[in-house]
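Written below as structure tokens is the structure these notes are about.
Derivation of every value follows stated rules applied to the coordinates shown; laboratory data play no part. Predicted model, so just to flag it, every value in this text is computed and none were measured. Backbone-built Cβ (ideal geometry, glycine too); neighbour counts: all protein chains shown.
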Amino acid sequence: MMKHVLGAQCTRCGKMWEARPDITVCPSCGGLLDIKYDYDSIRKEVSHEVMADRAEQSMWRYMEYLPVQGKGKRPKLRVGWSPFYRADHLAEVLGVKTLYVKDDGVNPTASLKDRASAMAVVKAEEAGAEIVACSSTGNAASSLAGNAAAAGFESYIFVPSRAPKGKVSQLMIFGAHVISVKSSYEDTFRLSEEAIARYGWYNRNAAINPFLMEGKKTVALEIAEQLGWKMTDYVALSVGDGCTIAGVWKGFKDLYETGMIDRLPRLISVQAEGCCPLNRAIAENCPWEPMEENTLADSIAVGVPRNAEKALNAIRESNGIVVNVSDQEILDAAKLLGRTCGVFGEPAGVAGTAGVKKSLELGLIPSDSSVVSIVTGNGLKDTPNAIRAAGEPTEIGPDMEELLAVMDRL
Ligand SMILES: *Cc1c(COP(=O)(O)O)cnc(C)c1O
Ligand SMILES: [Zn+2]
């Protein structure tokens, strides 16, 4: 709750600002801001018992850790408290001792981005805004459009024209004003920033708006609670702009600092081989450099990561592991998750799992590890790639002879 919020601190110059709902980057130097909490005061109000007694089953379950008014309005869509599965069959296939799958594809607009968008809508309301806007590889867009529609906001959405039809169709159904930009995500982002400055819309661009990471971190709070507050050795997820991994790390640190968990997991940062600027910076221990956006996992095809600093920090601080996966490995992971868990993820959604598989194969993590793999987006958003992964069904006429002829191929 706001009473636990100390302010918004600049990650570059260190200045602390009041955490006003419309604050974005540091007014003094333009650096990214980070919301700071009074951990001692949170610690006095939370415990495992307090959480166990809590009825709320959404991301708003963790009010003490969130920068919103205690009794403020909550969005209508139910975001968060997504399923958490023990994936024994998949663990056996991958050759790892313990594996859990956190399926964030079941959120209202079918991706983890709903956690940030729900927060954006709350903060937009506090800021007195009426129009919200963002640029996105697809999911931030569809989730902002959905959460905005539920709250009665207008939304302006910028997407690169390569965004999959499933996501674009969500935007159209939610009634967003959609601008499809015939260029890279990088160019799309730049145009959206210009337009937002010009029209004064509420800015949901995740790296720029410090509150959004606070929404995303709730996935980590849930994972910890769903594990009975006993952390695994590793948490794996896919990385694009880097807001999610930074948020996940912040969530675990918040819990650690307030005595809710007694150890921190190591993060496994998974990027696509064709677009891995952050992982490359870690692997080569050098500043990150822009890369081309060569992967079918559109949600992590981010050549110029907007939250590089916080993401690199998160990976380094957690003594994290970086692993890059090929498009084929991503498609294979989609099939594997579907077949062993009944979980259907979009390419970027399953990339984390592909990364777990590869980390084991490369010996980056030992086989007696415990791992959580976060599935960040639903497979129905991108059915062409699902079909590419799993193939077309066998087609026949309505005839028993024809069925018998193909039975051995099914
Ligand atoms: C946005 C997104 C990611 C990556 O999150 P970043 O904050 O951009 O690093 C991963 N998977 C899916 C499905 C996404 O939509
Ligand atoms: Zn600053």
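Taking Rh as the Kirkwood radius, which is the inverse of the mean 1/r over Cα pairs, what is the Rg/Rh value for segment 1-73?
Answer for segment 1-73: 1.05.
Using the eigenvalues of the Cα gyration tensor, what equivalent ellipsoid semi-axes result for segment 136-247 when each is taken as the square root of five times the eigenvalue, whole Å, largest first?
28, 15, 14
What is the spin-label model distance, in nm, from Ala195 to Ser47 if the labels are put 7 Å beyond Cα along the C-beta direction?
5.1
What share of Cα pairs, in percent, lie more than 20 angstrom apart in segment 340-408?
51
For Cα pairs less than 8 Å apart in space and 6+ apart in sequence, what is the mean separation divided by the residue count of the chain, i.e. the relative contact order in percent?
Computed value for the chain: 17 percent relative contact order.
For segment 404-410, what does the Karplus curve 6.51 cos²θ - 1.76 cosθ + 1.60, with θ = phi - 60°, yield as ³J(HN,Hα) per residue in whole Hz, taken in order and with x for Gly and Pro?
Karplus-based 3J(HN,Hα) across segment 404-410 equals 4, 5, 9, 3, 6, 9, 7 Hz.
Please state the relative contact order of segment 274-383 as a whole percent: Cα pairs under 8 Å, 6+ residues apart?
Once divided by the residue count of segment 274-383, the mean separation gives 22 percent.
Work from the charge dipole of the chain (Cβ charges, +1 for Lys and Arg, -1 for Asp and Glu, about the Cα centre) and give the residue of Leu296, Ser238, Ile315 farthest towards its positive end.
The Cα lying farthest towards the positive end belongs to Ile315.
Rank by packing, highest mean first: peptides 269-281, 324-336, 359-371, with packing defined as the count of other Cβ atoms within 10 Å averaged across residues.
269-281, 324-336, 359-371
Using modelled amide H (1.01 Å from N, peptide plane; none on Pro or chain starts), what sits under 5 Å from the amide H of Tyr100, excluding residues fewer than 5 places away?
Amide H to amide H, under 5 Å and 5 or more residues apart or across chains, Tyr100 pairs with Ala87, Val371, Val372, Ser373.
How big is the C-alpha Rg of segment 238-300 next to the rule-of-thumb value 2.2 N^0.38 Å, as a ratio?
Here the Cα radius of gyration is 1.32 times the empirical estimate.
What does the extension gain come out to for Leu6 and Ala283, with contour length at 0.36 nm per residue minus their alpha carbon separation?
96.2 nm
In debye, nearest 20, what is the charge dipole magnitude of segment 229-344 about its Cα centre with +1 on Lys and Arg Cβ and -1 on Asp and Glu Cβ, if you could check?
460
Of the listed peptides 310-322, 22-34, 127-139, what is their order by residue-averaged count of other C-beta atoms within 10 Å, with the highest listed first?
Listed from highest to lowest mean packing, they are 127-139, 310-322, 22-34.
What are the ³J(HN,Hα) couplings of segment 133-140, residue after residue, when phi is run through the Karplus curve with 6.51, -1.76, 1.60 and θ = phi - 60°? Round to Hz, x for glycine and proline.
Couplings: 8, 6, 10, 6, 6, x, 6, 4 Hz.
Within segment 93-168, what is the number of lysine pairs with alpha carbons under 22 Å apart, leaving out pairs fewer than eight places apart on the same chain?
Count of close lysine pairs: 5.
Show log10 I(q)/I(0) for the chain at q = 0.06, 0.14 Å⁻¹, two decimals, from a solvent-free Debye sum over equal Cα scatterers.
Normalising to I(0) and taking log10 leaves -0.22, -1.25.
Which order do the peptides 57-68, 283-294 take when ranked by the mean count of other beta-carbon atoms within 10 Å per residue, highest first?
57-68, 283-294
Taking H as built 1.01 Å from N, whose amide H comes closer than 5 Å to the amide H of Arg266, not counting residues under 5 places away?
Amide H neighbours of Arg266, under 5 Å, 5+ apart: Tyr234, Val235.
Non-local amide H neighbours of Gly7 (under 5 Å, H modeled in plane, Pro and chain starts lacking H): which ones?
Long-range HN contacts for Gly7: Lys36.
Could you pull the Rg and Dmax for segment 48-146, using just the Cα atoms, both in Å?
Gyration radius and largest Cα-Cα distance of segment 48-146: 16.4, 52 Å.
Using each residue's phi in segment 34-45, evaluate 6.51 cos²θ - 1.76 cosθ + 1.60 at θ = phi - 60° and report the 3J(HN,Hα) Karplus result to the nearest Hz, with x for Gly and Pro.
Each residue's phi maps through the Karplus curve to give 10, 6, 10, 10, 8, 5, 4, 6, 5, 3, 5, 10 Hz.
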